[in-house]
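Visitor: Next up is a structure, given as structure tokens.
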Amino acid sequence: MSQIKIKEFVPAEEYLASGHLACPGCGASLAMRYALKALGSKTIVVIPACCWSIIAGPYPQTSLSVPLFHTAFETAAAVASGVKAALDIRGNQDITVLAWAGDGGTFDIGIQALSGAAERNEDIIYICYDNEAYMNTGIQRSSATPWGAWTTTTPTARPKSHPKKNIMEIMAAHRIPYAASAAVAYPVDFMEKVKKSKRIRGTRFIHLLSPCPPGWKCADEESIMLTRMAVQSRIFPLYEVENGERYRLSMDHSGSPVKEYIRRQGRFRHLTDKDIDMIQERVNDEWERLLRKVKESEDPE
Ligand SMILES: Cc1ncc(C[n+]2csc(CCOP(=O)(O)OP(=O)(O)O)c2C)c(N)n1
Ligand code: SF4
């Protein structure tokens with residue numbers, strides 16, 4: 001997309017103030033900025049306990065210029081559903097309700113409320129910014145943490161021994177109208193998906209890869225580049241799933257070696273070349289599985 005087109009596509013309005021409390025290089029702060037540019041001012045944001053509880057700032061100050069509801073860790077989808085129901089009762093149809101939660105609040109503790117909302121096809125957008133651990137409380141492993149990663153609860157002597165949970169497949173299995181993966185390194189793609197979500201009714205879910213320099217043990221200025229490498233290496237492919245069955249890739253993924261991505265992060269420093277070869281094999285298998293679904297969607301026979 002040319003410079004001019006990006007200017008046309010990305011609204012100038014800012015809903016995230018400078019001086020917010022994120023660390024330098026934090027993907028979650030950029031992601032909220034993009035999401036709100038795509039959604040506009042008529043948005044209510046529901047945030048459970050996570051880094052964003054801090055980034056938003058202490059009451060009565062806030063870094064966001066849209067209404068914001070802080071809620072308990074496990075309740076993002078339930079509270080967002082309630083806010084939407086209240087708006088419906090008041091006959092207010094032009095406000096978007098956005099649940100905004102980390103991977104801990106989504107993959108783990110919030111999944112019951114999220115599954116309930118998805119099963120009822122609640123009319124909400126749910127964005128999970130996935131930094132692959134419980135970062136706010138000091139980098140503990142979540143079920144989104146990749147196999148082999150160091151966290152404070154999976155130290156280098158016993159790194160994470162389970163693979164990352166496949167949240168997109170879980171959400172697709174609910175047959176919700178729209179699920180998409182996105183990454184902050186691709187802001188136009190992410191904003192397009194948020195804008196598309198706004199046009200659809202029912203439960204819309206976006207799984208967003210969001211870098212965290214303290215948790216990934218990388219340099220602040222490398223976080224976006226690393227996120228791009230995660231996508232290009234197919235560790236985190238970008239795709240959409242409509243009604244749980246129509247799979248579409250969002251871009252060409254070159255398939256660069258995962259080693260380049262892994263070796264730049266302190267959280268993977270202890271991994272051997274053999275470990276990385278195994279990760280590469282798993283990534284290849286998952287990619288083939290995804291391609292089969294894309295192909296079946298194109299050719300249902
Ligand atoms: C029921 C409950 N358990 C634990 C906590 C403590 N807590 C607050 S934020 C947080 C981590 C959130 O992790 P995640 O959702 O991945 O978001 P991130 O911190 O990475 O932004 C935890 C464990 C809590 N607030 N409520
Ligand atoms: S700890 Fe990570 S996710 Fe939390 S504010 Fe800092 S960079 Fe962002």
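Visitor: Rounded to the nearest 20 debye, what is the charge dipole size of segment 217-274 about its Cα centre when +1 sits on each Lys and Arg Cβ and -1 on each Asp and Glu Cβ?
Guide: 360
Visitor: Putting +1 on Lys and Arg Cβ atoms and -1 on Asp and Glu Cβ atoms, find which of I44, T106, A144 reaches farthest to the positive end of the dipole of segment 1-156.
Guide: The Cα lying farthest towards the positive end belongs to I44.
Visitor: Something else about it: Below 8 Å, C-alpha to C-alpha, sequence gap of six or more: please give me the relative contact order for segment 1-143 in percent.
Guide: 23
Visitor: Compute the Cα gyration tensor for segment 172-301, then decide on rounded, prolate or oblate, letting a ≥ b ≥ c be the square roots of its eigenvalues: rounded whenever a/c is under 1.5, prolate when a/b is larger than b/c in the other cases, and oblate in all that remain.
Guide: Oblate shape, in that a/c is at least 1.5 and b/c is the bigger or equal ratio.
Visitor: Can you tell me which aspartates and glutamates have their Cα less than 18 Å from the Cα of K165? Leave out same-chain residues fewer than eight positions away.
Guide: Once the sequence-local aspartates and glutamates are set aside, what remains near K165 is E74, D103, D108, D130, E132, E240, E281, D285, E286, E288.
Visitor: Over the chain, what relative contact order in percent results from Cα pairs under 8 Å that are six or more residues apart?
Guide: 16
Visitor: Report relative contact order for segment 98-251 in percent, whole number only (criteria: Cα-Cα under 8 Å, sequence separation at least 6).
Guide: Rounded, it is 24 percent for segment 98-251.
Visitor: Report, in deg cm²/dmol and to the nearest 500, the calculated mean residue ellipticity at 222 nm for the chain, where each DSSP H run with n ≥ 4 adds -39500 (n - 2.57) and the sum is divided by the residue count.
Guide: -11000 deg cm²/dmol
Visitor: Taking a 24 Å limit on the Cα-Cα distance, which of the listed pairs K7/K37; K84/K164; K160/K217; K164/K217; K37/K217 fall beyond it?
Guide: K84/K164; K37/K217
Visitor: Skipping prolines and chain starts, which residues have an amide H placed within reach, meaning under 5 Å, of the one on A182, given they are 5 or more residues away or on another chain?
Guide: Amide H to amide H, under 5 Å and 5 or more residues apart or across chains, A182 pairs with H207, L208, L209.
Visitor: Percent antiparallel among DSSP beta bridges with both residues in segment 1-128, to the nearest 5?
Guide: In segment 1-128, approximately 10 percent of DSSP beta bridges are antiparallel ones.
Visitor: Let me ask something else. Would you kindly state how much longer the chain becomes between A85 and D273 on full extension, computed as 0.36 nm times their sequence separation minus their alpha carbon distance, in nm to one decimal?
Guide: My answer for the length gained is 62.5 nm.
Visitor: Obtain the radius of gyration and the Kirkwood radius of segment 77-205 from its C-alpha atoms and give Rg over Rh.
Guide: Computed over Cα atoms, the ratio is 1.02.
Visitor: Hey, another quick one. Write down the percent of antiparallel bridges among all DSSP beta bridges whose residues are both part of the chain, to the nearest 5.
Guide: About 30 percent, rounded to the nearest 5.
Visitor: Once label points are set 7 Å from the Cα along Cα→Cβ at both R201 and K259, what is their separation, rounded to one decimal in nm?
Guide: 5.3
Visitor: Sticking with the crude label model, points 7 Å out along Cα→Cβ, report the distance from S65 to A173 in nm, one decimal please.
Guide: Going from the S65 label point to the A173 one covers 4.3 nm.
Visitor: For segment 20-34, what does the Karplus curve 6.51 cos²θ - 1.76 cosθ + 1.60, with θ = phi - 60°, yield as ³J(HN,Hα) per residue in whole Hz, taken in order and with x for Gly and Pro?
Guide: Result, ordered by residue: 5, 9, 6, 5, x, x, 6, x, 5, 6, 4, 4, 5, 4, 5 Hz.
Visitor: How much length is gained if the chain between F9 and V294 is pulled fully straight, taking 0.36 nm per residue apart and subtracting their Cα-Cα distance, in nm to one decimal?
Guide: 99.9 nm
Visitor: Where a ≥ b ≥ c are the square roots of the eigenvalues of the C-alpha gyration tensor, would you call segment 36-123 rounded, which needs a/c under 1.5, or, failing that, prolate if a/b is larger than b/c, or oblate?
Guide: Taking the square roots of the gyration eigenvalues as a ≥ b ≥ c, segment 36-123 is oblate.
Rule-based calculations on the coordinates, nothing more; no lab input. This is a predicted model, so every value here is computed, not measured. Reconstructed Cβ throughout: ideal geometry from the backbone, glycine too, with neighbour counts over all protein chains shown.
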